[in-house]
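All remarks here apply to the structure that follows.
Here, each number is a calculation from the coordinates, and none is a lab measurement. Because the structure is predicted, anything quoted here is derived from the model rather than measured. Cβ atoms come from the backbone with ideal geometry, glycine included; neighbour counts cover every protein chain shown.
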Amino acid sequence: MKQLTLDLHTKKPPSLASFVVGQNAELLHLMHQLNTRSASEHFVYLWGAASAGKTHLLLALAASQNAHYISCDIDADAAEDAFRYDPSITLYLLDDCEKLSAAAQGYAFNLFNQIRENKGFLVTTGNTPPASLSLREDLRTRLGWGLIYQLHGLSDEEKMTSLAQLAQTRGLMLSPGVLPYLITHFERDMRSLSAMLDALDQYSLETKRPVTLPLLRSLLSEKT
């Protein structure tokens, strides 16, 4: 039982293939182009709600060669090194720009200029459009360079449809009520929900019980 709880926290690395598209088909196409550095636009800004998938996309791109991911809530002592320009890096990924400290804003401003001079690629994210961010004006202007996309989160219906399809591909039979309960009583991002589906599959095999609502409740109680 303890092992099952540990497995629940082991999430698969984000990938473009595992990103559930929803209303973001055009954006996902652009992400694939950035992944191969074939995009015509070098600067892209993504904004949306916390669970829309912004970090998923950036971490997926970070797995490509010569890419560098920067979290904007990075420790102040490590910020200067994190924002230092490296000519070998062709794609920079700057997440949660609304969290940039005053010092980090200066580092980010300099990094923008160096990326532009060297014709690199940069994808940034935030919780609002660039013009609404509480940042220094020159940095806010640069965040508005290039393409700006709103990342649309999935509706509950889209999440359940996607989870049902995942379950079907794995040969996992879900009793009615499992998915509606899951999306209202667990973390709401698709990466976590998919991990729970894997855990349910494992739990079902270990306990030799079908995937029913009581089984899901039992697993959730083990998690807490």
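So which trypsin sites (Lys or Arg not before Pro) in segment 44-102 pass both tests, a DSSP loop state and at most 13 other Cβ atoms within 10 Å of the Cβ? The qualifying sites are ARG84.
Using the Cβ of GLY53 as centre and a radius below 11 Å, the other residues enclosed give a net charge of +1, where K and R count +1 and D and E count -1. On the beta carbon distance between ASN127 and SER175, with R0 = 35 Å, the FRET formula returns roughly 0.45.
For segment 47-74 versus segment 184-203, the inter-centroid distance based on Cα atoms is 21 Å. When the helix-only estimate is applied to the chain (DSSP H runs of n ≥ 4, each -39,500 (n - 2.57), divided by the residue count), what is the mean residue ellipticity at 222 nm, nearest 500 deg cm²/dmol? Taking each H run of at least 4 residues, the total per residue is -14500 deg cm²/dmol. Close Lys pairs in the chain (alpha-carbon distance under 22 Å; sequence gap of 8 or more, or different chains): 14. Each peptide among 29-42, 142-155 gets the average number of other Cβ atoms lying within 10 Å of its residues, and from highest to lowest they stand as 142-155, 29-42. All other residues with a Cβ under 13 Å from the Cβ of LYS99 taken together, and with Lys, Arg as +1 and Asp, Glu as -1, what is their net charge? That sum, taken over residues with Cβ under 13 Å, equals -4.
Largest mean-square fluctuation among PRO214, PRO130, PRO14, in a Gaussian network model of the chain whose springs join Cα atoms under 10 Å apart, belongs to PRO214. Under a Gaussian network description of the chain, with springs only between Cα atoms under 10 Å, the residue in VAL21, VAL211, VAL44 that fluctuates furthest is VAL211.
Neighbours of PRO210, meaning other residues whose beta-carbon lies under 15 angstrom from its beta-carbon, give a summed charge of +2 when Lys and Arg score +1 and Asp and Glu score -1. Using alpha carbons only, the radius of gyration of segment 33-155 set against its Kirkwood radius gives Rg/Rh = 0.92. Ranked by the mean number of other Cβ atoms within 10 Å per residue, highest first, peptides 89-98, 197-206 order as 89-98, 197-206. Applying the Karplus relation 6.51 cos²θ - 1.76 cosθ + 1.60 with θ = phi - 60° to segment 31-42 yields 3J(HN,Hα) values of 4, 5, 5, 5, 4, 9, 6, 9, 6, 7, 9, 9 Hz, where x marks Gly and Pro.
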